[in-house]
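The values are calculated or read from the model by the stated rules, or taken from the named source; none is laboratory data. As the structure is a prediction and not an experimental result, all values here were calculated from the model. Cβ placement follows ideal geometry from the backbone for every residue including glycine, while neighbour counts extend to all protein chains displayed.
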Amino acid sequence: MGKTDRGEHPLMFDDYVVQQVDPNWLQERVKPKRHIGLTPELCILCRACEDVCPWECIYMMSPSIIQDADSPELVTLASQSHAVFIIDDNECTRCAICVERCPSDALWLGRVEA
């Protein structure tokens with residue numbers, strides 16, 4: 001994941017329980033069958049998405065929160081990142097305000113495949 005131009009890392013949270021979203025669960029929800037995606041290489045860690053979210057469900061978190069993940073690929077990816085981008089799918093309405101606000105076009109709105 002990216003970092004600020006000056007090489008600084010913004011305050012990251014580490015007090016959150018992270019769970020992978022089951023696509024079947026997401027399909028059964030009343031919410032739109034969409035998801036917010038992230039292109040990590042474009043992220044500048046400005047945290048504008050966190051700031052603008054009306055539901056306060058977007059978090060930039062310390063990679064250490066997933067150090068015990070079941071997926072070795074996820075653990076490797078987190079160990080190479082400066083932050084982990086988390087969206088609480090229980091709260092997110094897919095309003096896409098964060099997508100519109102992102103200054104580097106790192107966020108995008110996608111469809112959940114059946």
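Restricting to the stretch 31-47, give me the number of residues that are in a helix (DSSP H, G or I) and either of a type outside the set (Asp, Glu) or modelled with pLDDT of 95 or more (or both).
Here is the first cut: in the stretch 31-47, the residues in a helix (DSSP H, G or I) are 40-42.
If we keep only those that are either of a type outside the set (Asp, Glu) or modelled with pLDDT of 95 or more (or both) as well, we get 40, 42.
Here the count works out to 2.
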Filtering the stretch 63-73 for residues that are assigned to a loop (DSSP other than H, G, I, E, B) and charged (D, E, K, R) leaves a count of 2
For residue 64, the lone unmet condition from (1) on the phi < 0 side of the Ramachandran plot; (2) under 14 Å from the mean Cα position of the chain (by Cα) is (2)
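The rows are residues; the columns are (1) modelled with pLDDT of 90 or more; (2) of a type outside the set (D, E, K, R); (3) exposed (fewer than 14 other Cβ atoms within 10 Å of the Cβ).
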| position | (1), (2), (3) |
| --- | --- |
| 24 | no, yes, yes |
| 49 | yes, yes, no |
| 59 | yes, yes, no |
| 64 | no, yes, yes |
| 77 | no, yes, no |
| 87 | yes, yes, no |
| 91 | no, no, yes |
| 95 | yes, yes, no |
| 114 | no, yes, yes |
Within the stretch 74-114, residues in a strand (DSSP E or B), under 16 Å from residue 20 (Cα atoms) and among the aliphatic types (A, V, I, L, M) come out as 84, 86, 87
Condition (residue is under 14 Å from the mean Cα position of the chain (by Cα), surrounded by 15 or more Cβ atoms within 10 Å (Cβ to Cβ), closer than 21 Å to residue 24 by Cβ and not acidic (Asp, Glu)) applied to the stretch 97-112: is it met by at least one residue? yes
